[in-house]
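So the structure is just underneath, and the comments pick up after that.
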Amino acid sequence: MRTPQINSALRLTISDQRLTKYLEESDHDLDRSIDLYENNMRLSEAFYLPLQHLEVCLRNKLNECISDHYGCDWLVQQTQIPLNDFSRRMINQAKESATENPSHGDVVAELKFAFWVGLISRGYDQTLWRSCLHSCFQNMDNKRRSIVHGRLNAIRRFRNRVAHHEPIFHLDCGLRYTELQEAISWMCEDTSNWSNHHSRVTEILNAL
């Protein structure tokens, strides 16, 4: 459903600035650039499900592990767990965004993906990682914190591109998808298989 009139209208509503990457890739052919834009929409839509599956799996696995080690109210009380100032600020922001007198589960649901990825960062190597978080990634052959954090942080950046409607068509999306599903499998192979079954990423990539 595209005509020259629609293309011209889309150039205004999408904006030349947002179309820059697509125009450059298509030698400034407007029709081809909007083809690329539509392909990017389809890819981004397809990635929504597996990215959601990873984020939910990660936060619940980390929360369960920390709760077992530091108590089930570690987000609300924050007394026993060795959190840095950045993590505490993110928790306080999540509390403010949640309902009045939020429960532990309310705060878990409000916390950003960056918070959970941050718990695997180098600053927590001697504390959270060694005390409990390493056990969340039971299916890894080489259970190194740096590998886990590097992978999750790369996925976080990719997720942000998708969430902010940025171009991903020029990236190796097949590799991104493989790495995403592998990251889920590090925590739970069954969840990764379920996610892969419901995902349309491979189908969309094959159709482009």
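Throughout, read-outs are computed from the coordinates displayed, never taken from laboratory work. What you see is a predicted model; the values in this text were computed from it and never measured. Quick reminder, even Gly has a Cβ in these numbers, built from the backbone with ideal geometry, and neighbours come from all protein chains shown.
Test of understanding: among 63, 92, which residue is assigned to a helix (DSSP H, G or I) and under 30 Å from residue 194 (Cβ atoms)?
On the way: 92 fails: under 30 Å from residue 194 (Cβ atoms).
63 is the lone residue from the list that is assigned to a helix (DSSP H, G or I) and under 30 Å from residue 194 (Cβ atoms).
Tell me the residue from 147, 204 that is under 25 Å from residue 45 (Cα atoms) and among the hydrophobic types (A, V, I, L, M, F, W, C), please. Even if it seems obvious, please write down each step before you answer.
Working: 147 fails: under 25 Å from residue 45 (Cα atoms).
Sole residue among the options that is under 25 Å from residue 45 (Cα atoms) and among the hydrophobic types (A, V, I, L, M, F, W, C): 204.
Can you name every residue in region 96-143 that is of a type in the set (Lys, Arg) and either at positive phi or not in a loop (DSSP other than H, G, I, E, B) (or both)?
Let us first name the residues in region 96-143 that are of a type in the set (Lys, Arg), namely 112, 122, 130, 143.
122, 130 - these are the residues of region 96-143 that are of a type in the set (Lys, Arg) and either at positive phi or not in a loop (DSSP other than H, G, I, E, B) (or both).
Got a sec? Which of 58, 54, 43, 75 is in contact (Cβ under 8 Å) with a residue 40 or more places away in the chain, surrounded by 15 or more Cβ atoms within 10 Å (Cβ to Cβ), more than 14 Å from the chain's Cα centre (by Cα) and assigned to a helix (DSSP H, G or I)?
Working: 58 fails: more than 14 Å from the chain's Cα centre (by Cα); 54 fails: more than 14 Å from the chain's Cα centre (by Cα); 75 fails: in contact (Cβ under 8 Å) with a residue 40 or more places away in the chain.
It is 43.
Go through region 158-175 residue by residue and tally those that are assigned to a helix (DSSP H, G or I) and either within 24 Å of residue 15 (Cβ to Cβ) or touching a residue at least 60 places away in the same chain (Cβ under 8 Å) (or both).
Of the residues in region 158-175, the ones assigned to a helix (DSSP H, G or I) are 158-163, 173-175.
The next check asks that each one be either within 24 Å of residue 15 (Cβ to Cβ) or touching a residue at least 60 places away in the same chain (Cβ under 8 Å) (or both); those that pass are 158-163, 173.
Of the residues in that region, 7 qualify.
Can you tell me which residue among 91, 155 is in contact with a helix residue (DSSP H, G or I) (Cβ under 7 Å, 6 or more places away or on another chain), surrounded by 13 or more Cβ atoms within 10 Å (Cβ to Cβ) and closer than 20 Å to residue 64 by Cα?
Values: 155 fails: closer than 20 Å to residue 64 by Cα.
So the residue among 91, 155 that is in contact with a helix residue (DSSP H, G or I) (Cβ under 7 Å, 6 or more places away or on another chain), surrounded by 13 or more Cβ atoms within 10 Å (Cβ to Cβ) and closer than 20 Å to residue 64 by Cα is 91.
Here are some conditions: (1) under 16 Å from the mean Cα position of the chain (by Cα); (2) surrounded by 15 or more Cβ atoms within 10 Å (Cβ to Cβ); (3) over 23 Å from residue 168 (Cβ atoms); (4) of a type outside the set (Ser, Thr, Tyr). Residue 109 meets all but one. Which one does it not meet?
(2)
When you look at residue 21, is it of a type outside the set (Asp, Glu) and in contact with a Pro (Cβ under 6 Å, 6 or more places away or on another chain), yes or no?
On the way: of a type outside the set (Asp, Glu): yes; in contact with a Pro (Cβ under 6 Å, 6 or more places away or on another chain): yes.
Yes; evaluated as a whole, the condition is true for this residue.
Within region 1-32, which residues are part of a loop (DSSP other than H, G, I, E, B) and not polar (S, T, N, Q)?
Just the residues of region 1-32 that are part of a loop (DSSP other than H, G, I, E, B), to begin with: 1-3, 15, 26-29.
Matches in region 1-32: 1, 2, 27, 28, 29.
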